[in-house]
1. Please name which of Gly184, Tyr294, Ile306 has its Cα lying farthest along the dipole of segment 5-329 towards the positive end, using unit charges on Cβ (Lys, Arg +1; Asp, Glu -1) and the Cα centre as origin.
2. Take the chain, connect every pair of alpha-carbon atoms lying under 10 Å apart with a spring to form a Gaussian network, then pick out the residue of Thr239, Thr290, Thr149 with the largest mean-square fluctuation.
3. Between Gln87 and Lys329, how high is the FRET efficiency from 1/(1 + (r/R0)^6) when r is the Cβ-Cβ distance and R₀ = 25 Å? Nearest 0.05.
4. Exposure proxy check: Thr286, Thr76 ranked by fewest other beta carbons within 10 Å?
5. Relative contact order for the chain: what is it in percent, counting Cα pairs under 8 Å that are at least 6 residues apart?
6. At 0.36 nm per residue, and after removing the present C-alpha to C-alpha distance, how many nm does the segment from Leu227 to Glu60 gain when stretched out fully?
7. Expressed as a fraction of 2.2 N^0.38 Å, the rule-of-thumb size for a compact globular protein of N residues, what is the C-alpha radius of gyration of the chain?
8. In debye, nearest 20, what is the charge dipole magnitude of segment 5-329 about its Cα centre with +1 on Lys and Arg Cβ and -1 on Asp and Glu Cβ, if you could check?
Amino acid sequence: MKKTLLAVALASLFPVVAFADVVVYGKANVSVQNADEAALDDSRVELVSNASRIGVKGGEEVNSSLKVIYQFEYQTEVDDGNGSNNQTFAPRNIYLGLQGVAGTIMGGHFDTPTKVAQEKVDLFNDLEGDLTTIFKGEIRASNVVQYTTPTFGGGFAGSVAYVTEENDGTFKQNNPAGTEPGNGISASFGYTSAMFYAAVAMDQDVEAEGVDLVRAVARVTLGPVQLGVLGEQYENDNTGVDEDGVLASVLWNITDKWALKGQYGQSDVRVTEGETASIGLDYKMTKAATLFSYATKVENGLSPMINTPAVINPNYRDDTYVGVGVDFKF
């Protein structure tokens with residue numbers, strides 16, 4: 001059973017409480033990048049905190065076949081200390097649940113099965129090349145109850161999440177005018193082994209009522225090379241949108257320390273003719289610390305101007321990012 005210094009400190013402050021299976025974890029990911037963005041018609045150097053976070057997780061055994069589990073994870077901005085809402089800490093994955101031989105059931109605010117299904121295919125996750133630039137379905141939902149099966153058949157498992165219709169739920173702000181919030185369902189089913197991963201996932205009414213999404217993901221490891229692909233179909237009955245997209249990635253572990261990676265995606269899901277291409281080089285300094293570099297290009301097919309050549313379209317993208325950073329996990 002892993003104990004942390006924080007857990008020991010808490011136990012010393014509250015000796016009558018039994019702290020079981022308490023783990024403090026997190027990561028600090030910071031990069032310095034040159035951002036050349038078309039909407040700003042300018043380039044600048046900036047320090048960026050890339051989803052840095054800290055969390056506490058653990059649980060306690062009820063009996064030999066049942067355990068209470070929990071997680072409280074928060075994002076913090078290493079660069080300026082404040083997020084978009086002037087918060088030092090913003091909630092990420094938070095839940096309380098029960099884990100047993102029949103599977104895991106939990107409730108809270110956390111990533112949907114569809115988001116989790118991307119696994120490690122997105123090699124530039126949380127950076128400018130993140131698949132969220134051209135895809136949808138990357139939702140961290142509120143007021144969710146989820147069931148996950150135990151692993152069976154040598155690597156199969158599935159999850160289904162029910163997003164409740166509470167007014168402070170996931171899609172209150174996304175719900176189209178004139179419609180009422182409903183209940184959303186997100187589900188996934190996949191197979192995982194040391195060399196191969198594949199999954200299918202779907203969202204129904206999670207982003208908003210009348211919005212459906214299907215995602216298929218696969219990853220294969222061939223010696224030092226990892227190949228990944230993700231495809232997505234998106235339908236919005238409120239707007240008549242029916243679009244799709246695909247993303248492919250490749251990771252080459254040149255040595256135990258060095259890794260070269262590349263990624264390309266094309267999608268009309270989030271924006272017309274959206275494209276993203278990235279290349280990066282990682283150096284693993286220690287087991288916990290990685291020095292990384294990247295170059296990313298993000299484009300779309302929107303008009304660069306609105307009404308007159310003097311007014312730049314803020315949604316038009318022909319952006320280039322080049323950066324270097326450090327990722328430290330603890």
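No lab work stands behind these numbers, since they all come straight from the coordinates. Given the structure is predicted, the values throughout are model-derived calculations rather than measurements. Please note: Cβ atoms are built from the backbone with ideal geometry, for glycine as well, and neighbour counts cover all protein chains shown.
1. Selected residue: Tyr294.
2. Greatest mean-square fluctuation among the candidates belongs to Thr239.
3. It comes out at approximately 0.65.
4. Ranked by crowding around the Cβ, least crowded first: Thr286, Thr76.
5. 14 percent
6. Once the chain is fully extended between Leu227 and Glu60, it gains 56.3 nm.
7. 1.06
8. I would put it at about 1520 debye.
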